[in-house]
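First comes the structure, then the notes that go with it.
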Ligand SMILES: O=P(O)(O)OC[C@H]1O[C@H](OP(=O)(O)OP(=O)(O)O)[C@H](O)[C@@H]1O
């Protein structure tokens with residue numbers, strides 16, 4: 001079963017003095033060919049009936065997971081980059097700053113305007129959701145661009161059920177199943 005393999009191959013990493021919260025390491029998922037094939041279809045399954053037209057995901061891990069989900073749906077993929085990594089030009093970019101995330105850090109995420117706009121039905125994809133801070137920034141970008149958010153497909157849900165419901169998050173595995 002996929003969720004059992006995801007649990008088996010998942011690792012938490014201690015980020016050191018940067019944060020008290022462990023950080024996910026999903027590199028084991030990319031190394032396993034059967035998991036790699038199964039991840040995209042499994043992530044999008046709860047959202048198929050809502051007919052997303054595009055997948056949006058944040059750097060860095062979302063850039064790996066997002067295209068798997070987009071390929072499974074047969075739709076395009078939009079990357080959201082973090083401020084300061086030099087990947088987005090000045091202008092023609094919509095930015096949003098997150099509330100404090102699991103590290104207590106506010107993250108500015110940006111999307112090229114030409115890649116997202118009215119009529120888009122957006123499925124957000126990420127590897128895990130903790131405080132939902134980065135999701136809130138992505139949802140704000142979609143609202144600013146006139147695009148509709150369908151919800152978020154995540155591999156690991158590491159947040160209370162009320163928050164998952166509010167942000168329309170569907171996860172493949174609950175963090176409670178993961179060994180610290
Ligand atoms: O729910 P939150 O508190 O917002 O935390 C979850 C976010 O944090 C991690 O990203 P990170 O910034 O560590 O980037 P990464 O993909 O490079 O690990 C993870 O990939 C999510 O995007």
Completion exercise
When residue 106 is run through (1) within 25 Å of residue 172 (Cβ to Cβ); (2) in a loop (DSSP other than H, G, I, E, B), the failure sits at (1)
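Do we have any residue at all in segment 117-125 that's assigned to a strand (DSSP E or B), within 14 Å of the ligand (Cβ to nearest atom) and closer than 17 Å to residue 44 by Cβ?
Yes, there is a match, as at least one residue in segment 117-125 is assigned to a strand (DSSP E or B), within 14 Å of the ligand (Cβ to nearest atom) and closer than 17 Å to residue 44 by Cβ.
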Handout entry: Residue count for segment 44-81, restricted to those that are over 18 Å from residue 132 (Cα atoms), part of a loop (DSSP other than H, G, I, E, B) and within 16 Å of the ligand (Cβ to nearest atom)
Key = 0
Exercise for the section: May I ask you to verify whether residue 100 is within 15 Å of the ligand (Cβ to nearest atom), in a loop (DSSP other than H, G, I, E, B) and touching a helix residue (DSSP H, G or I) at 6+ places or on another chain (Cβ under 9 Å)? Expected result: yes
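On the given criteria, is residue 113 surrounded by fewer than 15 Cβ atoms within 10 Å (Cβ to Cβ) and more than 10 Å from the ligand (Cβ to nearest atom)? Reasoning before the result, please.
On the way: surrounded by fewer than 15 Cβ atoms within 10 Å (Cβ to Cβ): yes; more than 10 Å from the ligand (Cβ to nearest atom): yes.
Yes.
For segment 163-172, does any single residue satisfy the condition of being more than 12 Å from the ligand (Cβ to nearest atom), under 15 Å from the mean Cα position of the chain (by Cα), farther than 17 Å from residue 22 by Cβ and assigned to a loop (DSSP other than H, G, I, E, B)? Please lay out each step first, then the result.
Residues of segment 163-172 that are more than 12 Å from the ligand (Cβ to nearest atom), as a first pass: 165-166, 168, 170, 172.
Cutting the leftovers down to under 15 Å from the mean Cα position of the chain (by Cα) gives us 168, 170, 172.
Checking which are farther than 17 Å from residue 22 by Cβ leaves us with 168, 170, 172.
From what is left, the residues that are assigned to a loop (DSSP other than H, G, I, E, B) are 168.
Yes: segment 163-172 contains one or more residues that are more than 12 Å from the ligand (Cβ to nearest atom), under 15 Å from the mean Cα position of the chain (by Cα), farther than 17 Å from residue 22 by Cβ and assigned to a loop (DSSP other than H, G, I, E, B).
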Practice task
Provide a single number: the residues in segment 32-63 that are without any contact (Cβ under 8 Å) to a residue 24 or more places away in the chain and more than 23 Å from residue 82 (Cβ to Cβ).
Solution key: 4
Problem - Per-region count, segment 1-43, residues more than 16 Å from the ligand (Cβ to nearest atom), at pLDDT 90 or above and either over 14 Å from residue 156 (Cα atoms) or within 16 Å of the chain's Cα centre (by Cα) (or both) - result: 11
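Condition check: away from the ligand (no atom under 15 Å from the Cβ), closer than 16 Å to residue 58 by Cβ and either part of a strand (DSSP E or B) or in contact with a strand residue (DSSP E or B) (Cβ under 6 Å, 6 or more places away or on another chain) (or both). Does residue 88 satisfy that?
Details: away from the ligand (no atom under 15 Å from the Cβ): yes; closer than 16 Å to residue 58 by Cβ: yes; either part of a strand (DSSP E or B) or in contact with a strand residue (DSSP E or B) (Cβ under 6 Å, 6 or more places away or on another chain) (or both): yes.
For residue 88, the condition - away from the ligand (no atom under 15 Å from the Cβ), closer than 16 Å to residue 58 by Cβ and either part of a strand (DSSP E or B) or in contact with a strand residue (DSSP E or B) (Cβ under 6 Å, 6 or more places away or on another chain) (or both) - is met.
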Exercise for the section: Consider residue 142 carefully, then state whether it is within 13 Å of the ligand (Cβ to nearest atom), touching a residue at least 12 places away in the same chain (Cβ under 8 Å) and over 12 Å from the mean Cα position of the chain (by Cα). Expected result: no
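The values are calculated or read from the model by the stated rules, or taken from the named source; none is laboratory data. Every value quoted in this text rests on a predicted model; they were computed, and no experiment measured them. A quick note on method: Cβ atoms are made from the backbone with ideal geometry, for glycine too, and the neighbour counts reach across all protein chains shown.
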